[in-house]
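Student: Take this structure first; my questions come after.
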Amino acid sequence: MKTHPILLMALITTTPACDEKEKPKADGSAAASAPAVPQVAPNGKLIAHKMFDDKFQEMGNMPLPDNWVLNNGKAAMSGPGNVNVYMLPLKTFMYSNDPMMQEWSRRSGNKMRFFNSIDAVIQEDLAPVAQRDGAKLVKQYDVPQIAAANKGFSDLLYKVGPMRQLFLARVTEWTDKKGNPYMIVMHLNATDMGNMVNWNYYCHALDAPPERYEESKKVVLNALSNTRYNPEYVQAYNQNEMARERSSWAAHNQRMQANKSAFEAQQRAFHEKNDAINTLIASNHADRDAASDRNHHRFLNYIKDEETVRSPTDGKRHQVQTGAKQYWMNGNGQYVPANDPNYDPNRDPALNGQQWHKTTIEE
């Protein structure tokens, strides 16, 4: 629950603004000179950073400066000067005019959604969220090099049968409500199986200070365009998939007695395999879905200039404006921001003796 702006201003004015050592001298001069702004190191030499899966097997490599970090736990990539690239979750859909497929989708809980174009997906999925947060789409353009890299990896992987596939990559550049730039790269793949279309997309989101944005954008686009995969890793994956398919079909042939059952099993096998391929692509630099959701939440907090805090009294999460080192909250969801670690609003007579509890700022 957000505090009314007038109440928030009143609470801020009762919070100590600085400690004694920050007060001016009697002659009006500052007590101490302002600390020097730290200089951010430039991007280093471009090297191949190894990529590992969740079993620490080497999948391939990605070209990044030597002072960047790949998969640092909070972001897919990060560089000097508070530059972070987040992985937004994979979203998968299917569409078919076949009544049997529509019924199968309904029973299995899959999302039935018609694919028109990547432009439509951006307008339907990304634009509304940005507009609600005061962000604006500045420009967008295709990146065929990234689409070709994604297709190249997919072509290496074993598949059940021939497929008609479409690979697209689109850069969208935005400005937030403060005018700061950020970038979202959408990777989209559509597979036409004749009686159905299976499609999905995932995104990389670049969060960088304005002075490092353009340079960081070039680094990210180059890395995504020139990712290389380990042939031994791909071969092991393909052998495992072929063995699994042979086993699956042996069991299938023993228990399937009707064409309807055979059709359902084939579709199920296709979806399992296609999901495995898409998950493998999307997990190059990302944590599991829970971590991706947290990254998405952190990125939205950055766009909205907010922090997420948890109340110690009921455990509920609340959104607050950034800018303070700690937040105190009462039972009505109102909060007091403070930067002084010794400040306690429970001892502040200006707050009418309300009960305030110190919140926990979530990572």
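The values are calculated or read from the model by the stated rules, or taken from the named source; none is laboratory data. The model shown is predicted, which means the values in this text are computed figures rather than measured ones. All Cβ positions, even for glycine, are placed from backbone atoms using ideal geometry, and neighbour counts span all protein chains on display. Accessible surface is based on the protein model in full, side chains and every heavy atom, while ligands, DNA and RNA are left aside. Shrake-Rupley method; radii C 1.70, N 1.55, O 1.52, S 1.80 Å.
Student: Compute, for Lys177, the solvent-accessible surface of its heavy atoms (probe 1.4 Å) with the complete set of protein chains present, and express it in square angstrom to the nearest 10.
Tutor: 110 Å²
Student: Now for a separate question. Just read off the accessible area of Tyr141 with the full protein assembly in place, 1.4 Å probe, to the nearest 10 Å².
Tutor: 80 Å²
Student: Right, here's the next one. Show the residues, 5+ positions off or on another chain, whose built amide H is closer than 5 Å to the amide H of Glu306.
Tutor: It is Thr322, by chain and number.
Student: Modelling each spin label as a point 7 Å along the Cα-to-Cβ direction, I'd like the Asn301/Ala148 distance in nm, to one decimal.
Tutor: 4.0 nm
Student: Hey, another quick one. Taking θ as phi - 60°, what are the ³J(HN,Hα) couplings along segment 193-205 by the Karplus curve (6.51, -1.76, 1.60), each to the nearest whole Hz, with x for Gly and Pro?
Tutor: 9, x, 9, 7, 10, 10, 9, 7, 8, 9, 9, 10, 10
Student: Below 8 Å, C-alpha to C-alpha, sequence gap of six or more: please give me the relative contact order for segment 140-211 in percent.
Tutor: Taking the mean separation of contacting Cα pairs over the length of segment 140-211, I get 27 percent.
Student: Now, a different point. So if each residue of separation counts as 0.36 nm, and I subtract the Cα-Cα distance between Asp340 and Arg107, what length gain in nm does that give?
Tutor: The span from Asp340 to Arg107 would gain 78.3 nm if fully extended.
Student: In terms of solvent-accessible area of protein heavy atoms at a 1.4 angstrom probe, what is the ranking of Leu168, Leu351, highest value first?
Tutor: Largest to smallest exposure gives the sequence Leu168, Leu351.
Student: Need the full-extension length gain, Ile361 to Asp275, defined as separation in residues times 0.36 nm minus the C-alpha distance. One decimal, nm.
Tutor: That pair, Ile361 and Asp275, stretches by 27.4 nm at full extension.
Student: Quickly work out the Ala41-to-Asp54 label distance, labels modelled 7 Å from Cα along the C-beta direction, and quote it in nm with one decimal.
Tutor: 3.3 nm
Student: Let me ask something additional. Each residue of segment 120-137 in order: what ³J(HN,Hα) in whole Hz does its phi give by Karplus 6.51 cos²θ - 1.76 cosθ + 1.60, θ = phi - 60°, with x for Gly and Pro?
Tutor: 5, 5, 4, 5, 7, 9, 8, 4, x, 5, 5, 5, 5, 9, x, 8, 10, 7
Student: Ignoring everything but the protein chains, give the 1.4 Å probe accessible area of Ile47 in square angstrom, nearest 10.
Tutor: Taking all protein chains as shown, Ile47 has close to 70 Å².
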